[in-house]
Structure formats: structure tokens, C-alpha cells
Amino acid sequence: MNVSGPGPTWESFEELAAAASTCTKCPLAETRTQVVFGVGDPHADLVFVGEGPGAEEDRQGIPFVGRAGQLLTKLIEGIGLRRDGVYICNVVKCRPPGNRDPLPAEISACRPYLEAQLDFLAPRVLVTLGNFATRLLLDTKEGITKLRGREFPFRGHSVLIPTLHPAAVLRNGGNALAQARSDFVLVKRALALHAT
Ligand code: URA
Ligand code: SF4
């Protein structure tokens, strides 16, 4: 498959991942250990987009392997799926130092990789984790607490379901965890509804 449109084009998912792995298009290249492109099944019906790699992700080169990642894995298993049956990536592919928020310029620089990644993945259901992924992919300034718990059409072939970032769920506990669980039920229902 060839992905075209504005910006760079890549002939395959592997070529895209290889290009990202040596990227120096933003200052995060200077402080990262390695690029964290994504993990999982590229043919999955369900894709998650987080914010950016943390310390553990930067060390291992795999998204969502720290504490937030363990919660994400539990939420995935909670709706009867396996982590290796989905695909997981982030808005920015390199760790912002000290776990600070990614800057607008870093998000813009990295965006072509995410867009091309989503072109290749073309999931039926796309789950955005937290404000950064949700605002970017829905092109809104609205906050996650307002947007979560609903489905939005995405690129014609997908539905986008925003939910709380698992790190925020860990921070806030109780009600946030209940909300995340209920969003995942919506994900499960959307997968069943949009299955081939
Ligand atoms: N938080 C994220 O947004 N992404 C990760 O990969 C890990 C933690
Ligand atoms: Fe390149 Fe994205 Fe890493 Fe910046 S965050 S260096 S744009 S891969």
C-alpha cells in the first residue's frame, strides 16, 4: 500500500517505522534513548493512541510498559482482548524529558508519522488516551472529561472513542477507573458493531 497526501510518503508500514527510528525532526531526538514507534498487531481492529513515551518506554522501546501501561493492559484484558491482539502507539514517538507534556512544535513535527501509521493501520475502532491524542485527532480544544464516553466518526472507516489517560486514572482512582471501564465497554460494543 502506498500512503500519499501532504507531506512524506512511505511504501510500507516497515518503511515508515524505519524512517521514524532515526528521526531528528524535533529536539526530543537529543534526549531520547530510542524512538518508540508502536507495538502490537498492525492488522488489529483496535488501536490505542497515547501521549508520549515515559522513562520505562524510552528504556524498552515499547509503548505503555510502565505503571500506566499495566493498567492499560488490564483494561484491554477486562473486555476479553489480549494486548498483543491490538496496536498501541503515541502522539510523539520520543520521550519528553522529565515526563513533561509534549510541546506543540514537537507534536506537529511528529504528526506525519502518526497520520501515516493510522493510514496503514486503518482500525475499525481508535481509542485516544487522554487530552493530547484526543484533541489532536478530533481537532478540538475541548477537554477529555467532556469528550469521553462517546463515539465519533473518524476518517470514514473508523470510530474514535476518547477515554481518560491511564496515568490520570492511576492518579485519580475511584470514579476515574469506573469511567475508564465504562469507556472500554463502549469500545467492546463498537468492535462488535463494526466487525466484518
Ligand atoms: N504514557 C503514554 O502516553 N504513553 C506511553 O507509552 C506510556 C505512558
Ligand atoms: Fe522525530 Fe517524533 Fe522523535 Fe521528534 S518525537 S524526533 S518528530 S520521531
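The values are calculated or read from the model by the stated rules, or taken from the named source; none is laboratory data. These figures come from a predicted structure and were not determined experimentally. Glycine gets a Cβ as well: all are built from the backbone with ideal geometry, and neighbour counts include every protein chain shown. Heads up: the accessible areas ignore ligands, DNA and RNA and are worked out on the full protein's heavy atoms, side chains in. Shrake-Rupley method; radii C 1.70, N 1.55, O 1.52, S 1.80 Å.
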Criterion first (out of contact with any Ser or Thr (no Cβ under 6 Å at 6 or more places or on another chain), within 28 Å of ASN175 (Cα to Cα) and acidic (Asp, Glu)) does ASP119 satisfy it? no
Quick one: how many residues across segment 50-102 are in a helix (DSSP H, G or I) and among the hydroxyl-bearing types (Ser, Thr, Tyr)? 1
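Yes/no matrix, rows are residues, columns are (1) among the acidic types (Asp, Glu); (2) open to solvent by 10 Å² or more (accessible area, probe 1.4 Å); (3) at pLDDT below 95; (4) within 9 Å of ligand 1 (Cβ to nearest atom):
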| site | (1), (2), (3), (4) |
| --- | --- |
| LYS25 | no, yes, no, no |
| GLU56 | yes, yes, no, yes |
| PHE64 | no, yes, no, yes |
| GLU77 | yes, yes, no, no |
| CYS89 | no, no, no, yes |
If a residue has to be over 14 Å from ARG148 (Cβ atoms), away from ligand 2 (no atom under 16 Å from the Cβ) and charged (D, E, K, R) to count, how many in segment 109-135 make the cut? 2
Restricting attention to segment 108-136, which residues are hydroxyl-bearing (Ser, Thr, Tyr) and either within 13 Å of ligand 1 (Cβ to nearest atom) or in contact (Cβ under 8 Å) with a residue 60 or more places away in the chain (or both)? TYR113, THR128, THR134
Assigned to a helix (DSSP H, G or I) and within 15 Å of ligand 1 (Cβ to nearest atom): does that describe ALA105? no
Report the residue count in segment 63-105 for those that are of a type in the set (Val, Ile, Thr) and on the phi > 0 side of the Ramachandran plot. 0
Inspect segment 8-23 for any residue being surrounded by fewer than 22 Cβ atoms within 10 Å (Cβ to Cβ) and within 19 Å of ALA167 (Cβ to Cβ) and give the result as yes or no. no
Among THR145, THR140, which is the only one that is part of a loop (DSSP other than H, G, I, E, B), open to solvent by 30 Å² or more (accessible area, probe 1.4 Å) and away from ligand 1 (no atom under 16 Å from the Cβ)? THR140
